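*Asks:* One structure, as structure tokens, below. Some questions next.
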Amino acid sequence: MSVAARLDELGIELPAVAAPVAAYVPAVVHGGLVYTSGQLPFVDGALPATGKVGAEIDAADAQGYARTCALNALAAAAQAAGGIDQIAGVLRVGGFVASDPSFTGQPAVVNGASEVLGEIFGDAGKHARAAVGVASLPLDTPVEVEVTFILA
């Protein structure tokens, strides 16, 4: 099944590629891979929430934001690669969670990204990963995700 068909089956519509907020491009193709820049959970050009996970932001909400970040990354990768069906799988996910000092649930938050990629790519969506708690992120977003995709 093609990636486009799988997205349709799951009822997932990829968002428009988010405009960079600084001096970078959303994704770069190199050596059979597509590297995405860190993606924020933009929805229609706006962040759905700001603040720290474990304080202003609930972990379950942050998990949903990580899912949105992963879909934004997939959209950026598809654009860079020349179409969604040029993406064959996922190599690595890096997740950053702006965390209250007492919050230690970063892996569960980043699962929002990992799980949606697994739903889309099946076994080809299994990946290496980092889930890191940080003091702050750009624009006070609670979550940022970068993904390295494998080209078809």
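*Asks:* Looking only at segment 91-113, filter to residues that are among the hydrophobic types (A, V, I, L, M, F, W, C) and in a helix (DSSP H, G or I); which one of those is farthest from Tyr35 (Cα to Cα)?
*Replies:* Here the answer is Ala108.
*Asks:* Taking Ala60, is it closer than 24 Å to Gly105 by Cα and part of a loop (DSSP other than H, G, I, E, B)?
*Replies:* no
*Asks:* May I pose another question? Hey, any hits in segment 44-52 for a residue that's surrounded by 14 or more Cβ atoms within 10 Å (Cβ to Cβ), assigned to a loop (DSSP other than H, G, I, E, B) and over 17 Å from the mean Cα position of the chain (by Cα)?
*Replies:* Yes, there is a match, as at least one residue in segment 44-52 is surrounded by 14 or more Cβ atoms within 10 Å (Cβ to Cβ), assigned to a loop (DSSP other than H, G, I, E, B) and over 17 Å from the mean Cα position of the chain (by Cα).
*Asks:* Of the residues Ala113, Ala98, Ala80, Ala88, only one is under 15 Å from Ile57 (Cβ atoms) and either touching an Asp or Glu at 6+ places or on another chain (Cβ under 9 Å) or not polar (S, T, N, Q) (or both); which?
*Replies:* Ala98
*Asks:* I'd like to verify a number: residues in segment 16-54 that are more than 15 Å from Ala98 (Cβ to Cβ), in contact with a Ser or Thr (Cβ under 8 Å, 6 or more places away or on another chain) and not aliphatic (A, V, I, L, M), how many?
*Replies:* 6
*Asks:* Something else about it: Go through segment 15-43 and count every residue that is assigned to a loop (DSSP other than H, G, I, E, B), among the aliphatic types (A, V, I, L, M) and crowded, with 17+ Cβ neighbours inside 10 Å.
*Replies:* Number of matching residues: 3.
*Asks:* Could you say whether any residue in segment 8-21 is modelled with pLDDT under 95 and on the phi > 0 side of the Ramachandran plot?
*Replies:* No, segment 8-21 has no match at all.
*Asks:* For segment 69-82, does any single residue satisfy the condition of being open to solvent by 20 Å² or more (accessible area, probe 1.4 Å), part of a loop (DSSP other than H, G, I, E, B) and under 20 Å from Ala16 (Cα atoms)?
*Replies:* Within segment 69-82, one or more residues are open to solvent by 20 Å² or more (accessible area, probe 1.4 Å), part of a loop (DSSP other than H, G, I, E, B) and under 20 Å from Ala16 (Cα atoms).
*Asks:* Look through segment 118-152, keep the residues that are under 13 Å from Arg67 (Cα atoms), in contact (Cβ under 8 Å) with a residue 24 or more places away in the chain and out of contact with any Phe, Trp or Tyr (no Cβ under 9 Å at 6 or more places or on another chain), and return whichever of them is least open to solvent (accessible area, probe 1.4 Å).
*Replies:* This residue is Ile120.
*Asks:* With Ala4, Ala46, Ala16, Ala22 as the choices, which residue is closer than 18 Å to Arg67 by Cβ, in contact (Cβ under 8 Å) with a residue 12 or more places away in the chain and small (Gly, Ala, Ser)?
*Replies:* Ala16
The values are calculated or read from the model by the stated rules, or taken from the named source; none is laboratory data. Computed from a predicted model, the values in this text were never measured in an experiment. Using ideal geometry, Cβ is built from the backbone for each residue, glycine included, and neighbour counts are taken over all protein chains shown. Note: areas computed on protein heavy atoms with side chains; ligands, DNA, RNA excluded. Shrake-Rupley method; radii C 1.70, N 1.55, O 1.52, S 1.80 Å.
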